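Let me begin by presenting the structure, written as structure tokens, before commenting on it.
The values are calculated or read from the model by the stated rules, or taken from the named source; none is laboratory data. Worth saying up front: this structure is predicted, and the values here are computed from it rather than measured. All Cβ positions, even for glycine, are placed from backbone atoms using ideal geometry, and neighbour counts span all protein chains on display.
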Amino acid sequence: MKHYILGILLFAAALVFAQEEERTPEGYRIIHINAEETKVYKDSVENVKKIEAEKARVPIPFSFSVGVTASLGIKDLLGQYDRSIYTTDTANGVVFGYDFQIGATALIPLLEYNFAIKTGALFNYTSLMSARIDLLDPLQFKHTEYGNQEVTSDFRGDISQGRLTIPVLIAMKTMKSPAMFEIGPQFSIPLFDKYDDGAYKIDLIDKGIRASLDVAMVIGGEIYVNPKFLVNVYMAIATNDPYKTDEFFVGVSNMSLFELRIGLTKFFI
């Protein structure tokens, strides 16, 4: 029995010795590496898996769809302050608040998998709070004997807006992607725009201070959770001045509206 064990050990040692001494004609030692252990092999396997996974994905087409959408966001009225009235002339927030949007939406395909038009008729309600600076009416100024201006009343208050909004967006995506990128103009018709500080109330539309139409550039996108349900995120920047300056927002120029929204879309058709 001992002879058998000794023979096995000698045979194993011979194999190890032979492998360690295996060299090239130039004398370099030869090391054997399995193909499965190389980086090239591992990368090729990963690439094959990715290709197979991509082939298994089902194309997601655009189809004519009608449904409802709702979103909640923040809204900021930006402007540039006049240094003669305020301490700075840099662009800053004038009023800030929250925006709620709800309405009907439609998706109209242009190319089955890549392009579509996203539009609808939406109602926006916005509540803006002027806590940062006073909103100043010209009548609230008086001139001192030194030629300076003094404010005779505190005009901090809230603005409530209602708008009918019609977006016209181009939606783009790849054939198998569940996410789409959207960009395009948005047109809003003011329905009411009221200022209230508790003691003083005014409808900015009736006074002719409010622009009759807001135009904004919208950038955002949506992700299909399933064929009838989507999650969306949008950013909108106004391209026109929403208010006539120096009639209510005294000393504020280059005004612009900025909004950021997140919401849901549910298609029924």
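Inside region 66-107, residues that are modelled with pLDDT of 95 or more and hydroxyl-bearing (S, T, Y) make up a count of 3.
Go through region 177-250 and tell me which strands (runs of 3 or more DSSP E), entirely inside it, have 1 or more residues that are acidic (D, E), modelled with pLDDT of 85 or more and more than 15 Å from the chain's Cα centre (by Cα). Per the criteria, 179-196, 201-203, 214-226. Would you confirm whether any residue within region 142-151 is at pLDDT 65 or above and of a type in the set (V, I, T)? The answer is no; no qualifying residue exists. So in region 157-175, with the set limited to residues that are assigned to a loop (DSSP other than H, G, I, E, B) and not hydrophobic (A, V, I, L, M, F, W, C), which one is surrounded by the fewest Cβ atoms within 10 Å (Cβ to Cβ)? Of everything passing the filter in region 157-175, T174 is surrounded by the fewest Cβ atoms within 10 Å (Cβ to Cβ). Taking S212 as the residue in question, decide whether it is assigned by TED's automatic domain parsing to the domain that holds T69, out of contact with any strand residue (DSSP E or B) (no Cβ under 6 Å at 6 or more places or on another chain) and buried (at least 16 other Cβ atoms within 10 Å of the Cβ). No. Look at (1) surrounded by fewer than 20 Cβ atoms within 10 Å (Cβ to Cβ); (2) modelled with pLDDT of 50 or more; (3) touching a Ser or Thr at 6+ places or on another chain (Cβ under 9 Å) and you find that L110 fails only one, number (3).
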